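Asker: This is the structure, below, for whatever I ask next.
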Amino acid sequence: MLNRFLLVLCFCFLVTANFYAQEKEKVADSTVLETVLLKSSALENTALQTPAAVNVIEKENLVSGYTQLLTESFNKFPGVFVQTGALNTNKISIRGMGSRAQYGTNRIKVYFNEIPITTADGQSVLNDFDVSVLEKVEIVKGPNASLYGAGLGGLVQLQSKIPAAAFTEINSVIGSYGMRKNTIQAGFTEENKNGIIAYTNLDNDGFRENSEYNRSSVFANLNLYTKEANKLSFVGNFTRLKAYIPSSLSKTALDENPEQAAYTWKQAKGYEAYDRFLMGVSYTHHFSEKIKNISSVFTNWRDAYEPRPFDILKEKRWSLGARTRFNYKDNLAGLPTKISLGAEALYENYDQENFENLYEDFPDRGSVRGGLITNLNQERTYWNLFSQAEIRVSEKWKISAGLNLNSTQYQLSDFYNQDESNQSGSYSFKSIWSPKIAATYLITPQKTLYANLSKGFSIPTFSESLTPEERINTNLKPEIGWNYEIGFKGTWISKLYTEVNVYSIQVSDLLVAQRVAEDRYVGVNAGKTEHNGVEWIFSYNWQLGKNLILKPTFTGNFNHYRFAEFVNKGNNYDGNELTGVPELKWNLGATLSWKKLNLHANYLAVSKIPVNDANSVYTNAYEVLDVKASYLWSIFQKLEMQLSAGIDNILDTDYSASFVPNAVGFGNSEPRYFYPGMPRNFYAGISLKYLW
């Protein structure tokens, strides 16, 4: 795989060099990122002039493949790695941050229309939002604490669809393993208001035992505009989920039969069920042409029940927060200047109860709730003060700098009084200052060089903040990371877009999720890591004929992530590869469009991945090819029908789509590291859209 990768990379550099030789200074019809305005930039820059590595996933990329999950398209982009153990078991790492999380996404800050969906302890679930309600996704890689607080890996900003015209749309998709997805949505637009409301239901029997999945969601986004261009916005999303859990497999079980569930999870009929509701209201007010404010208030609650072989977890989470920022732009001392000042605060209340699971006493019945084991409550609060300024010091040079101050506190209350211990207590982390400084050099209107230096941090999660005795670990520190980065973005002869960046992130006080029991992980600060890497994007818009367009894209990243200083339980792992990240990942995609017909193919290659800190166990390298075709048919003037069909994993590759880092085998059993990837599967869909 590496030899093929090197050949393709050399070819792309030769093509780039050839186009550079042919380039004209003036570009007439550039088709890529220079005109894309980033919502994740408080100072409202275009992607081309933002001094950071930003992946912009437009609508056409979000729906170019299978659309069961929002995160399915993320692996097409460099520096981002998504693992999907099951439809409800997903985790995202950016530049290695979050790679050692056990079952979910942390170390990354996620927003929907600038409203945070990340919990107070840094955990994010993106797939409660259906891809059908999104216009695009922006992924800003590396520490960006100067604007968004805790998020050592970076930022994911989800953008709601805004209808260009009133419409009603019905979409149905069926696929292998009992997959059924139905969506109905409607949008309206008038002179001073617009909005969209959508309902989605996704059912999937799963290719593994005990993996049935059902998710229903209702989404609404409404916008009201005044004559002064002010805007009042509402966003709400309700999700009801019930998903059975097949869990991970040992290497022996994986080779024997990847369709089986872990034995105890099958016997207990383990599953996850929850209701989750997110709501936010924001208001944009223009005081003048120079000053505007964007403020929002939001709430998020989740009521969950999860029977597991070792216990039954019942949890409730409720939060309330607010965010505001002022933007100012003017000429100061004759230099164009932009300034952003703001604050964000969140209060979160989390209840956790654990009960005995008596499934072994009731054969074939599944999980049965027994007596109470633990009853804990944790209150978390944080606030961020942030500022950023940008000065254009000449026609070519732009300098920007930012600063964030974070304060985080939590309090634990133990309501389980049947033993002699009481874990109640409170703790505050020291305030964290996070600076950022960057420079952009405009080579031509379509080409820029940039460099940035930034600091980021991540706060321990709820489980990491406790000792094995479930007391507050007052010695635990946040992870701190410094990011050094240089990069190039540019368009050549209006058709070829290239982006290359090189970075190094130095992380100290590394947080390690250490397993102390079958169901218990605690956090320890175990050392330092070095994240060095290079990322690239090459995309070309090739007009083959009057109505025939080919858009090939080649993206990838090469990483050198290592434990710089890491001693855990007496074992020295200095110099070992960072657990959970492929050293090499590249993606070759192409879309061929002819009138109303679109053909899309995507080839993803991932190198082997260490799944434990000792680097004694690896996943196999793998390559997956997906194809999809769609045809848009105008039945009447206002009625459109779209037909689509596709095949995922057309080569029927056996691979591990996810894994549990540092899995431990209990009772002399083999560690269960691996989640098998989906075998070859098919799907087809039909969509009817009426424009009012």
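The values are calculated or read from the model by the stated rules, or taken from the named source; none is laboratory data. What you are looking at is a predicted structure, and each value in this text was computed from that prediction instead of being measured. Glycine gets a Cβ as well: all are built from the backbone with ideal geometry, and neighbour counts include every protein chain shown. Each accessible area value is taken on the protein alone, full model and side chains, heavy atoms only, with ligands, DNA and RNA left out. Shrake-Rupley method; radii C 1.70, N 1.55, O 1.52, S 1.80 Å.
Asker: Check off (1) in contact with a strand residue (DSSP E or B) (Cβ under 9 Å, 6 or more places away or on another chain); (2) more than 30 Å from N375 (Cα to Cα) for I493 and give me the number that stays unchecked.
Answerer: (1)
Asker: For F207, which of the numbered conditions (1) part of a strand (DSSP E or B); (2) of a type in the set (F, W, Y); (3) open to solvent by 20 Å² or more (accessible area, probe 1.4 Å) fails to hold?
Answerer: Here F207 meets the rest and fails (1).
Asker: Only residues that are touching a helix residue (DSSP H, G or I) at 6+ places or on another chain (Cβ under 7 Å) and either touching a residue at least 12 places away in the same chain (Cβ under 8 Å) or assigned to a strand (DSSP E or B) (or both): list them for the range 366-405, please. Please lay out each step first, then the result.
Answerer: First, pick out the residues of the range 366-405 that are touching a helix residue (DSSP H, G or I) at 6+ places or on another chain (Cβ under 7 Å): 366-368, 386, 388, 402-404.
Of everything in the range 366-405, those that are touching a helix residue (DSSP H, G or I) at 6+ places or on another chain (Cβ under 7 Å) and either touching a residue at least 12 places away in the same chain (Cβ under 8 Å) or assigned to a strand (DSSP E or B) (or both) turn out to be G366, S367, F386, Q388, G402, L403, N404.
Asker: So, one more: If you take the residues in the range 274-322 that are acidic (D, E) and in contact (Cβ under 8 Å) with a residue 12 or more places away in the chain, which one is farthest from S216 (Cα to Cα)? Give the derivation first.
Answerer: Going residue by residue through the range 274-322, those that are acidic (D, E) are 275, 289, 303, 306, 311, 315.
This time we only want the ones that are in contact (Cβ under 8 Å) with a residue 12 or more places away in the chain, so: 275, 303, 306, 311, 315.
Working: D275: 10, D303: 15, E306: 18, D311: 26, E315: 20 Å.
The qualifying residue farthest from S216 (Cα to Cα) is D311.
Asker: Here's a follow-up. Out of P258, P309, which single residue is closer than 20 Å to G677 by Cα and not hydroxyl-bearing (S, T, Y)?
Answerer: Numbers: P309 fails: closer than 20 Å to G677 by Cα.
Answer to the check: P258.
Here is a yes/no grid of residues against (1) part of a strand (DSSP E or B); (2) among the basic types (K, R):
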position	(1), (2)
R215	yes, yes
N221	yes, no
E228	no, no
F234	yes, no
S247	no, no
Y274	yes, no
V281	yes, no
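Asker: Check every one of the strands (runs of 3 or more DSSP E) wholly within the range 582-692 and list those with 1 or more residues that are under 24 Å from the mean Cα position of the chain (by Cα).
Answerer: Values: elements: 584-594, 597-606, 622-634, 639-648, 656-659, 674-676, 681-691.
Here the list reads 584-594, 597-606, 622-634, 639-648, 656-659, 674-676.
Asker: Could you tell me which residue of the range 210-230 is farthest from F188 (Cα to Cα), considering only residues that are open to solvent by 30 Å² or more (accessible area, probe 1.4 Å) and in contact with a Gly (Cβ under 7 Å, 6 or more places away or on another chain)? Can you show your working first?
Answerer: Looking only at the range 210-230, we keep the residues that are open to solvent by 30 Å² or more (accessible area, probe 1.4 Å), and these are 212, 214, 218, 222, 224-229.
Imposing the further condition that a residue be in contact with a Gly (Cβ under 7 Å, 6 or more places away or on another chain) reduces the set to 212, 222.
On the way: E212: 35, L222: 9 Å.
Step by step, filter the range 210-230, then rank; the result is E212.
Asker: Now for a different question. Any residue in the range 427-441 that is loosely packed, with under 15 Cβ neighbours inside 10 Å, outside any loop (DSSP other than H, G, I, E, B), within 24 Å of the chain's Cα centre (by Cα) and modelled with pLDDT of 80 or more?
Answerer: yes
Asker: Which of (1) closer than 23 Å to S616 by Cβ; (2) outside any loop (DSSP other than H, G, I, E, B); (3) open to solvent by less than 10 Å² (accessible area, probe 1.4 Å) does R562 not meet, given it meets every other one?
Answerer: (3)
Asker: I've got another one for you. Hey, can you tell me all the residues within the range 373-382 that are buried (at least 18 other Cβ atoms within 10 Å of the Cβ) and within 23 Å of I432 (Cβ to Cβ)?
Answerer: Q378, R380, T381, Y382
Asker: Could you please let me know if L152 is touching a Pro at 6+ places or on another chain (Cβ under 8 Å) and surrounded by 23 or more Cβ atoms within 10 Å (Cβ to Cβ)?
Answerer: On the way: touching a Pro at 6+ places or on another chain (Cβ under 8 Å): yes; surrounded by 23 or more Cβ atoms within 10 Å (Cβ to Cβ): yes.
The answer is yes for L152.
Asker: Something else about it: If you take the residues of the range 598-639 that are aromatic (F, W, Y) and touching a residue at least 24 places away in the same chain (Cβ under 8 Å), which of them is nearest to V512 (Cα to Cα)?
Answerer: Taking the range 598-639 and keeping what is aromatic (F, W, Y), we get 603, 618, 622, 631, 633, 636.
Cutting the leftovers down to touching a residue at least 24 places away in the same chain (Cβ under 8 Å) gives us 622, 631, 633.
Working: Y622: 27, Y631: 49, W633: 53 Å.
If we take residues in the range 598-639 being aromatic (F, W, Y) and touching a residue at least 24 places away in the same chain (Cβ under 8 Å), then Y622 is nearest to V512 (Cα to Cα).
Asker: May I pose another question? Determine which single condition F563 fails, assuming it passes every other condition in (1) farther than 24 Å from G487 by Cβ; (2) aromatic (F, W, Y); (3) more than 25 Å from the chain's Cα centre (by Cα).
Answerer: Every listed condition holds for F563 apart from (3).
Asker: Could you say whether any residue in the range 106-121 is more than 27 Å from K316 (Cβ to Cβ), touching a Ser or Thr at 6+ places or on another chain (Cβ under 9 Å) and not in a helix (DSSP H, G or I)? Steps first, answer last, please.
Answerer: Initial filter on the range 106-121 (more than 27 Å from K316 (Cβ to Cβ)): none.
There is no residue in the range 106-121 that is more than 27 Å from K316 (Cβ to Cβ), touching a Ser or Thr at 6+ places or on another chain (Cβ under 9 Å) and not in a helix (DSSP H, G or I).
Asker: Then there is this: What are the residues in the range 181-220 that are of a type in the set (D, E) and in contact with a Lys or Arg (Cβ under 6 Å, 6 or more places away or on another chain), if any?
Answerer: Narrowing the range 181-220 to residues of a type in the set (D, E): 190-191, 203, 205, 209, 212.
D203, E209, listed by residue number.
Asker: State yes or no: is L147 under 29 Å from L385 (Cβ atoms) and either open to solvent by 10 Å² or more (accessible area, probe 1.4 Å) or assigned to a strand (DSSP E or B) (or both)? If you could, list the steps in order and put the result at the bottom.
Answerer: Values: under 29 Å from L385 (Cβ atoms): yes; either open to solvent by 10 Å² or more (accessible area, probe 1.4 Å) or assigned to a strand (DSSP E or B) (or both): yes.
In short, yes.
Asker: Quick one: how many residues across the range 672-692 are under 17 Å from P246 (Cα atoms) and open to solvent by 40 Å² or more (accessible area, probe 1.4 Å)? Give the steps one after another, and end with the answer.
Answerer: Of all residues in the range 672-692, those under 17 Å from P246 (Cα atoms) come to 672-679.
Filter once more, so that each one left must be open to solvent by 40 Å² or more (accessible area, probe 1.4 Å): 672, 678.
Total satisfying the criteria: 2.
Asker: Just a yes or no: is a residue in the range 406-421 in a loop (DSSP other than H, G, I, E, B), at pLDDT below 95 and open to solvent by less than 50 Å² (accessible area, probe 1.4 Å)?
Answerer: Filtering the range 406-421 for residues in a loop (DSSP other than H, G, I, E, B) gives 415-421.
From the residues that got through so far, the ones that are at pLDDT below 95 too are 415-421.
In the following step, the residues that additionally are open to solvent by less than 50 Å² (accessible area, probe 1.4 Å) were identified as 416, 421.
The answer is yes; a qualifying residue exists.
Asker: Give the residues of the range 245-284 that are closer than 30 Å to L358 by Cβ, aromatic (F, W, Y) and open to solvent by 60 Å² or more (accessible area, probe 1.4 Å), sorted by residue number.
Answerer: Within the range 245-284, just Y263 meets the criteria.
Asker: Here are some residues: K569, K546, K551, K528. Which one is under 18 Å from F77 (Cα atoms) and either acidic (D, E) or open to solvent by 20 Å² or more (accessible area, probe 1.4 Å) (or both)?
Answerer: Details: K569 fails: under 18 Å from F77 (Cα atoms); K546 fails: under 18 Å from F77 (Cα atoms); K528 fails: under 18 Å from F77 (Cα atoms).
Just a single option satisfies the conditions, and that option is K551.
Asker: Name the single residue that is surrounded by the fewest Cβ atoms within 10 Å (Cβ to Cβ) among those in the range 128-144 being within 14 Å of the chain's Cα centre (by Cα) and charged (D, E, K, R).
Answerer: So the residue we want is K136.
Asker: If the requirement is being touching an Asp or Glu at 6+ places or on another chain (Cβ under 9 Å), under 25 Å from W542 (Cα atoms), modelled with pLDDT under 95 and open to solvent by 40 Å² or more (accessible area, probe 1.4 Å), which of these qualifies: W594, W633? Write out each step before concluding.
Answerer: On the way: W594 fails: touching an Asp or Glu at 6+ places or on another chain (Cβ under 9 Å).
On inspection, the qualifying residue turns out to be W633.
Asker: Here's another thing I want to ask about it. If you go through the range 297-337, how many residues are closer than 26 Å to T284 by Cβ, surrounded by fewer than 21 Cβ atoms within 10 Å (Cβ to Cβ) and basic (K, R)?
Answerer: So the count comes out to 2.
Asker: Would you please name the residue that is modelled with the lowest pLDDT, looking only at residues in the range 481-516 that are assigned to a strand (DSSP E or B), open to solvent by less than 30 Å² (accessible area, probe 1.4 Å) and aliphatic (A, V, I, L, M)?
Answerer: The qualifying residue modelled with the lowest pLDDT is A513.
Asker: So F659 ticks every box in (1) at pLDDT below 95; (2) surrounded by fewer than 19 Cβ atoms within 10 Å (Cβ to Cβ); (3) aromatic (F, W, Y) but one. Which box is left unticked?
Answerer: With respect to (1) at pLDDT below 95; (2) surrounded by fewer than 19 Cβ atoms within 10 Å (Cβ to Cβ); (3) aromatic (F, W, Y), F659 is out only on (2).
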